[in-house]
Structure formats: C-alpha cells, structure tokens
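Structure record follows, encoded as structure tokens.
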Amino acid sequence: MESNKQRLDRFVAWLVDNGAEMSRIIVRETEHGNGVYARDEIGEGTQYAQIPMRLVVSARVCREALRTDTQEVELTGRPLLCAFLIQQRFVTSESSFWHPYISILPHEFHTPLFFTSQELDLLRGTPMEHAVEDRRQLLRKEHAATLRGVSDVVIPRSELTFENYVWAAAVVS
C-alpha cells in the first residue's frame, strides 16, 4: 500500500506533468495533515503557483464525467461535486485521470457526522444533537436527488450509498 508521502509525490508529479507551475511552493505531510507551504517569502502581488484550468474540478468536468450517451446530468452544486468524487474514488479509481488528486483526499473524518449511534447518544440533549440531525437530513435529501440525477451505469447504486455521499460532502466542506 502506498504511503501518504508517495501519494503526495505522485500528486505533485501529476500537477507538474499537466502544466502546473509550483516552484515557489511545496506540498508536504505534517503532523496535522497535508498542506501547501511557501518555499520562501512571497511578496505581495507575486504569483506563487499556476494551476491550468484542465486540472480544476469544475461543474463542466463533473458533468462530462457523469453523463451517458442518453442522459445529461441535472445536478448542481454540492450534489454534482459529491457524485463526481464518489465516481472517481469508488468506480473509476486508479484508472481515473483524477486518481492522483482523489488519492490524497482524506478517507475518514472524525466529526459527529461519522459518529456511531453510541457516540451520537452522548450528544443527546445538546445543540449538537440537533445540528447533526439537521445536517444528516439535508444530506439525505441531496443523496436522494443524486440517486435520481445520475445513471446507475455511471455510478452503480452499490457505490452511490449514503455513507459514501457523506464522505464526499465532508471532503467538499
């Protein structure tokens, strides 16, 4: 299994191979996670990196990846981006052009959205309990819209699960 450093190195190589200019910055792992750091002091108005538009996950990129010959994707906003992330991580995976980027995204989160039912019980009677319920309700609505809006040919229903949707929503947030 690849280490985080190997994934980061592959990600940076992918960026540079696809036209990114990053000589003033470094991408590295720290005790707090992955980060982007300046190599030297960067003066006001100085460009410190340039990422080509073809490496930006835009609505157009997402729609192209998710459409079929017979179905356009009607999703927008977070549901569109979440569907794309799910497709890239769980369906196309290593064969995806985007794999070097997707592979550096967190695979797990330690927030109340990911708590077990026992952990959620500890929130009973607190404002956080209602905040988590409200957020889950919103994500369930978005997930249902995503199920309606994306062909199961593009993302099999076994991969377009609520749990995977919550992961993607956490990445987007």
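Some points to look at:
- Using the Cβ-Cβ distance between Asn18 and Asp152 with R0 set to 22 Å, the FRET efficiency works out to roughly 0.10.
- Shape call, the chain: gyration tensor on alpha carbons, a/c limit 1.5: oblate
- Positive-end residue, the chain charge dipole about Cα centroid, Cβ charges, pick of Leu80, Leu113, Val171: Leu80
- Cα centroid separation - the stretch 26-85 against the stretch 6-20, whole Å: 13 Å
- Simple Cβ-charge dipole of the chain, Lys/Arg +1 and Asp/Glu -1, about Cα centre, in debye nearest 20: 300 debye
- Rounded, prolate or oblate (a/c below 1.5 giving rounded, otherwise prolate when a/b exceeds b/c) for the stretch 68-148 by Cα gyration tensor: oblate
- Pairwise label distance in nanometres, Arg140 with Ile42, each label 7 Å out on the Cα-Cβ vector: 4.3 nm
- Global geometry of the stretch 131-173, whether rounded, prolate or oblate, following the gyration tensor of its Cα atoms and the 1.5 cut on a/c: prolate
- Highest to lowest packing among 56-62, 125-131, scored as the average C-beta count within 10 Å: 56-62, 125-131
- Subtracting the Cα-Cα distance of Asp69 and Met53 from 0.36 nm times their residue separation leaves 3.3 nm of extension gain.
- Dipole magnitude for the stretch 105-173: computed about the Cα centre from +1 point charges on Lys and Arg Cβ and -1 point charges on Asp and Glu Cβ, it is near 240 debye.
- Within the stretch 92-172, trypsin sites (Lys or Arg not before Pro) in DSSP loop having at most 13 other beta-carbon neighbours inside 10 Å: Arg124, Arg157
- Using alpha-carbon coordinates, inclination of helix 162-172 to the longest axis of the chain, degrees: 40 degrees
- In the stretch 1-63, GluC sites (Glu not before Pro) in a DSSP loop with at most 14 other beta-carbon atoms within 10 Å: Glu2, Glu31, Glu41, Glu44
Values quoted throughout were computed directly from the atomic coordinates according to the rules given, and no laboratory measurement underlies them. The structure displayed is predicted, hence computed values, not measured ones. Positions of Cβ are generated from backbone atoms using ideal geometry, with glycine treated the same way; all protein chains shown enter the neighbour counts.
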